[in-house]
Each structure stands twice: as structure tokens, then as C-alpha cells.
Protein chains: 2
Amino acid sequence: MADVRDEGRATAAVGGPGPSGKAPMREALIEAAFQLFVEHGFERTTVDDIVARAGVGRRSFFRYFPSKEDVVFPDHERCLTEMSAFLATSTDGEPLDVICDAARLVMRMYAANPEFSVQRYRLTREVPSLRGYELSVVHRYERTMAHYLRQRYAGDPNGALRAEVQAAAIVAAHNNGLRTWLRSGGHGDGAPAVDQSLAFVRQTWGSARESAESGAAPAPPSEEDDVVVIVAPRKAPLWRVVQKIEKALGDD
Amino acid sequence: MADVRDEGRATAAVGGPGPSGKAPMREALIEAAFQLFVEHGFERTTVDDIVARAGVGRRSFFRYFPSKEDVVFPDHERCLTEMSAFLATSTDGEPLDVICDAARLVMRMYAANPEFSVQRYRLTREVPSLRGYELSVVHRYERTMAHYLRQRYAGDPNGALRAEVQAAAIVAAHNNGLRTWLRSGGHGDGAPAVDQSLAFVRQTWGSARESAESGAAPAPPSEEDDVVVIVAPRKAPLWRVVQKIEKALGDD
């Protein structure tokens, strides 16, 4: 789900294993393809080069990958399927929290193989056709999320709009966190950067659940008739007032 | 900036003029191309077919359009340039309001030729390569907006994240409004649908300016030391509290 930006070109490091998976031939093709992309560039590498390096027939390549672009993003289909399955069973819970958890599936896929993810990030920034491919994948994640939210907001006259705006915001936040991790070379745990970015969006729409991963203590249970009073200067911007409310609700 | 969705296929209406512009040959090519796309489909129409119908040479086509996809979106480059110029001179004002105005430039481009816009919308939903092209164009608008917001939020440690999330949200809202208008067949004024969607996002982040177009009375000027007190049950969800605040700030 990483986005690509027009920054300085980076040279991908040589080597690096393919992502973990079950089919050895598929893995061999991914590894051969990445070796060749790094050595000769994506555009100058042909499918014939890849199958020769992997020691398999040309038809084997197309059994696993519809195109040369697909070999660069071998796990998105599986991740999209996983996300749809997760959302199909998540009929409870704050909708935005569910969507944040869905977004974390993508981060987890990247984190499963940091070296491969960083190589791909660098490659994608250099090759226009891969950028295009990536945009379409990001769009599919966003649509999957928006579709879920639309269903959850079915009673809301602004439900479709709310769903689309929130899905776009969550995807943007996820990608911001993911890019931070990828730019750092994929060192350490990438999840906190994504959690932090997602928390920003959740805060925007006032999601109630405390993040279990953040280690923050959950808000104590409160009496139903308990009240919170906020006093703020009229000139204060609304976001600052919201910040105050959240602080007041969290302190207790 | 219209997005595409996987809805029922629609058949494009025959005819329809190209978008307004200055170069007659360019206009003739756009008109010929759309006639052929409608008659034979996008994929089955070649550049040779287009130049034959327009009565010009093949080189003339490529003088105006790098590819067959570009002839479908002839005005986005101009609109992107216009947006960049607008943002470059908009150094004052609530950043989110400026971005909403920037988004309205895109709606205005679509509204300049409703029939053409609706034809293109239908065509884009049917042709995968056009969807890909459109996604890349939408991404460029989003990047242009995020770039502007990042500069405006330069002092904010979360500035880049805020900029990217807000740009994504604004683009999603704009496209929601635009699609509402396109699906209606481009009848009437499309601007209110877009304004309404944009107002949803502005409200999310508590933009202060009242929309001049909405006809709502602007909030009266207030004393600096004026205060607002909000009393809410602790169990109230945050969005309801925010709604109360907005009402309190607006009522006076």
C-alpha cells in the first residue's frame, strides 16, 4: 500500500530474499526477478531473462504472474483476500477501529520481509509502470475499506461520503507510517509508525477505543451521569478544543 | 478527478462535443476520438482511425497527445497547472479552505462541458487502461494539494501526516460530489454537490470560514476573552460533543 513520491533516486541493494511463501517455484521466480531488476533495471529485464535465471519454463512464470509487474507485488492479492475476509467477520466494534486493524494487515505483510519490501519500495519509485500498478493496488485496498464502512454507515444519510473520506484518510495515514519505516531502510519494528499515523485519523473522528498496542492505560469506567466541562476561549480553533476534550476525558 | 467504481455498465450516448479550447485541430481530434470510442469502443479504436476521421496526419495527433489515453483527459494538464498557480499565490487563509477552493477548480473543469464529462465518465468505467490513467491523474492532484499543505504546516511536527491525510480526504470528498453529479447525467449545477461534500471534511477539521456559497450567515465577530462552556455527559461520543460545540459556536 506504499505510495511513491518523487524524491531522490535510491539504488537498491543487491541480493535479498523473496517474500516468504509456500510454492518453491514461485519463490524462485520472485528471487530471480529481483536479482535481475537490481542488476539490470526493471525495464531491461525480460520474462525470458527471469525464467532463465530461475531455471524454469516460460509458461511457469505466467502460471503464477499475469505480467512482469505482478512479480514485484506478489503478496497483495493474498493480502486483499485476507482483508476482505477479516472485514466480512468484523460486524461489531467501532467501524474506524476495524478499518485501522484492516490497514495493519498491509503493514504486517510488508514487515514480514523488510529487505524485500525496501528493495521494492526503491524499485517502485524508479519505474513509472510500477508506480501505476501500485496506485491501482492502493485503490483496491481503499475501495475494500470504503465498501465495509458504507455498509456500517447504512443508516446515515451521509454514510457513503463519510465512508469514502475515512477510507481515503486511513489509507493515507497508513502509507505515511509505512513510508517512514521503508525510508529508514526497514530497520526495527514498523508497526509503531503506522499505529501513530492511524491514531491521528482515529483522533480526528473521535474513536473511543484506546489502542491496545500503544501501551496507554485504558480510560477508567465512568458513571453515566458523570459530566465533563470544558472552558475554552472562543477564538480557539476547534481542533484545539477537541484536543482539550480528549485530554479531559483521558485524565480523570 | 472523478474516481471509477465497479457499478453496472452504462452505455455512452452518441455524439457530444469536445471540451472547449483554443486549437481547432486539437478540438477536432478530441471530437473524432470520442465519436469513434462511442461507436466502436476505446480498445478497438486506433490512432489511425482517429486521424482519418479528423482528417489530419498521424503526427498531428502526437503533437497534442502522447497517447490514446491522453485524448480522453485533454484538460487535466491545464487544470493541474492552474491549481499549482492558484496554490502558489494562496499563502494566506485557512489552509483547508484554500485546498477546497483548489478542488473546486477541478469541478469547474468538468462542469465547463457536462456532456463530454458524462461521456468520459461512462467510458472510463468500462476501460481498465483509462481507469489506470485516471488514478494517476487523481494522484497528481492529491500530491499537489499535500505539497501545499505540508508547506503551510511546516511548524507542526505532525505536519506531513496532517497534510497527506487531509489532501486524501479532500480529494475523496470532491470525487464523491463530482460522481453524484456525473451519475445524474451532468444535469444542473454540479457545484453544490461538491460544496456539500467538501463542507463535510472542513467540518471534520473545524475550519472556521463559513462557505460564502452556502448562503449561511457568517458567525458574528466575537470578543477575544469570550468563552464557551460545554457540559456533556461523559458517556456521550466525541462526535456528539463536537456537534454541540459547533452548534454553540454558531448560535451565539
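Laboratory data are not the source of any read-out in this text; all were calculated from the coordinates shown. Quick caveat: nothing in here was measured; it's all calculated off a predicted structure. With ideal geometry, Cβ positions are generated from the backbone for all residues, glycine too; neighbour counts draw on all protein chains shown.
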So what's the net charge close to residue A:45: Lys and Arg +1, Asp and Glu -1, counting the other residues with Cβ under 11 Å from its Cβ?
-1
Under the definition of partner shielding as Cβ atoms of other protein chains within 10 Å of a residue Cβ, what is the mean value for peptide B:137-150?
2
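Based on the mean of other beta carbon atoms within 10 Å per residue, what is the order of A:170-180, A:66-76, A:194-204, most packed first?
Result, highest mean Cβ count within 10 Å first: A:170-180, A:194-204, A:66-76.
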Could you run the Debye sum over the Cα atoms of the stretch A:84-137, one equal point scatterer each and no solvent, and tell me log10 of I(q)/I(0) at q = 0.23, 0.24, 0.31 Å⁻¹, two decimals?
-0.90, -0.93, -1.12
Starting from the Cα of residue B:191, step 7 Å along the direction of its Cβ; do the same at residue A:44; then give the gap between the two resulting points in nm.
5.4
From other protein chains only, count the Cβ atoms within 10 Å of every residue's Cβ in B:157-166, then give the mean.
5
Label position 7 Å from Cα toward Cβ: report the copy-to-copy distances for residue B:81 in nm, one decimal, ordered from shortest.
4.7
Report the dimensions of the stretch A:75-218 along its three principal axes from the alpha-carbon atoms, largest first, rounded to Å.
44, 37, 24
Averaged across B:172-179, how many Cβ atoms of other chains sit within 10 Å of each residue's Cβ atom?
4
